[in-house]
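**Q** This is the structure I have questions about; it appears just below.
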Amino acid sequence: LVNMTLFFLVCLLDQQSWQTQIQGGSRQSPIDIRSSESVHDPQLTPLSISYDPSDCLQIWNNGYSFLVEFDDSKDNSVVSGGPLENHYKLKQFHFHWGAENNRGSEHTINSLVYPAELHLVHWNAEKFRTFDEAIFSENGLAVIGVFLKLGRKHDGLQKLVNALPAVKYKDSTVEFSNFNPSCMIPSCLDYWTYPGSLTTPPQTESVTWVIMKKPIEFGDDQLSAFRSLLFTPFGEKLENMVDNFRQQQPLMNRVVRATIL
Ligand SMILES: NS(=O)(=O)c1ccc2oc(NC(=O)c3ccccc3)nc2c1
Ligand SMILES: [Zn+2]
């Protein structure tokens, strides 16, 4: 009986250590960025961001957020420079937001929360053949995070907001073309960067995060349009798509670097 108990305990511990390895847990996202503890790195050059609006394909409500997906078969919509060793292709962008204005962003700055956060998801096309391969690989992804604060209506965003009623339900898609995400990049290119993970499953630790220091502004009505989307598919109970952000994760032994542009 003692041997069986010991054997069972060994299996249990082994399984837990195995899970820790897969989900890591040493570099999870999002985090609170404490600006006073970030390290100014003079070697961090400005990001080089170049998007081609003709690569924009469709909007997809995937039941977590709405993804604006891009054609990544060419090399026209790419980001490079800054902390990135290679050039990364834009795959999709999406947002996270709250049910109320006092929550919504995944990252925070000195515990300051924004009502929404934009993620532009790119994959390392120099080192990997597909997005799905990159998701599970070190240095596979680069996600640019941009905070959104409430204020003036964002004219560039309105074209996207007008398309949202067509993807109200989970698993719905709508054709969406000629949209340039550059209109959502702040004019100030200062950023923080740190090694992290995807913030929704599979939460793989394959992301170089680049968080822009300055937020962009958008209007109350535009945020209301985000909140009118549904987590649920047509015909099921209506659940508004809100509070689709992950709880913050421990920094562990990571350093957040900052630019001094
Ligand atoms: N909040 S996040 O960390 O930026 C984040 C988290 C989880 C993610 O899963 C995917 N998958 C695709 O984009 C995809 C798009 C098309 C086909 C297959 C996958 N992107 C993610 C971004
Ligand atoms: Zn995200």
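The values are calculated or read from the model by the stated rules, or taken from the named source; none is laboratory data. Predicted model only: the values in this text are computed from it and were never measured. So basically every Cβ, Gly included, is an ideal-geometry build from the backbone, and we count neighbours across all protein chains shown. We work out accessible area using only protein heavy atoms, side chains counted, and drop any ligands, DNA or RNA first. Shrake-Rupley method; radii C 1.70, N 1.55, O 1.52, S 1.80 Å.
**Q** Looking only at the stretch 98-114, which residues are in contact with a Lys or Arg (Cβ under 7 Å, 6 or more places away or on another chain) and either assigned to a strand (DSSP E or B) or open to solvent by less than 20 Å² (accessible area, probe 1.4 Å) (or both)?
**A** Result: E106, single match.
**Q** Test R152 against the stated conditions and say whether it is in contact with a strand residue (DSSP E or B) (Cβ under 9 Å, 6 or more places away or on another chain) and modelled with pLDDT of 95 or more. Walk me through it before giving the result.
**A** Numbers: in contact with a strand residue (DSSP E or B) (Cβ under 9 Å, 6 or more places away or on another chain): yes; modelled with pLDDT of 95 or more: yes.
Yes.
**Q** Another one. Taking only pairs six or more apart or across chains, which ones have beta-carbon atoms under 8 Å, a first residue in the stretch 55-71 that is over 11 Å from T173 (Cα atoms) and away from ligand 2 (no atom under 14 Å from the Cβ), and a second residue that is aliphatic (A, V, I, L, M) and open to solvent by 10 Å² or more (accessible area, probe 1.4 Å)?
**A** From the stretch 55-71, the pairs are F70/L57; D71/L57.
**Q** Something else about it: Here is a check on your reading of the model: is N244 surrounded by fewer than 15 Cβ atoms within 10 Å (Cβ to Cβ) and of a type outside the set (D, E, K, R)?
**A** Details: surrounded by fewer than 15 Cβ atoms within 10 Å (Cβ to Cβ): no; of a type outside the set (D, E, K, R): yes.
Taking the combined requirement at face value, the residue does not satisfy it.
**Q** Which of the residues spanning the stretch 51-78 are acidic (D, E) and near ligand 1 (Cβ under 10 Å from one of its atoms)?
**A** E69, D72
**Q** Could you check the stretch 52-78 and list, in sequence order, the residues that are polar (S, T, N, Q) and either surrounded by fewer than 21 Cβ atoms within 10 Å (Cβ to Cβ) or on the phi > 0 side of the Ramachandran plot (or both)?
**A** Within the stretch 52-78, S54, Q58, N62, S73, N76 qualify.
**Q** Okay, next question. Could you list, in sequence order, all residues of the stretch 24-63 that are within 17 Å of V207 (Cβ to Cβ), touching a Phe, Trp or Tyr at 6+ places or on another chain (Cβ under 9 Å) and among the hydroxyl-bearing types (S, T, Y)?
**A** S29
**Q** Name the single residue, out of those in the stretch 79-97 being within 13 Å of ligand 1 (Cβ to nearest atom) and in contact with a Lys or Arg (Cβ under 9 Å, 6 or more places away or on another chain), that is most open to solvent (accessible area, probe 1.4 Å).
**A** K89
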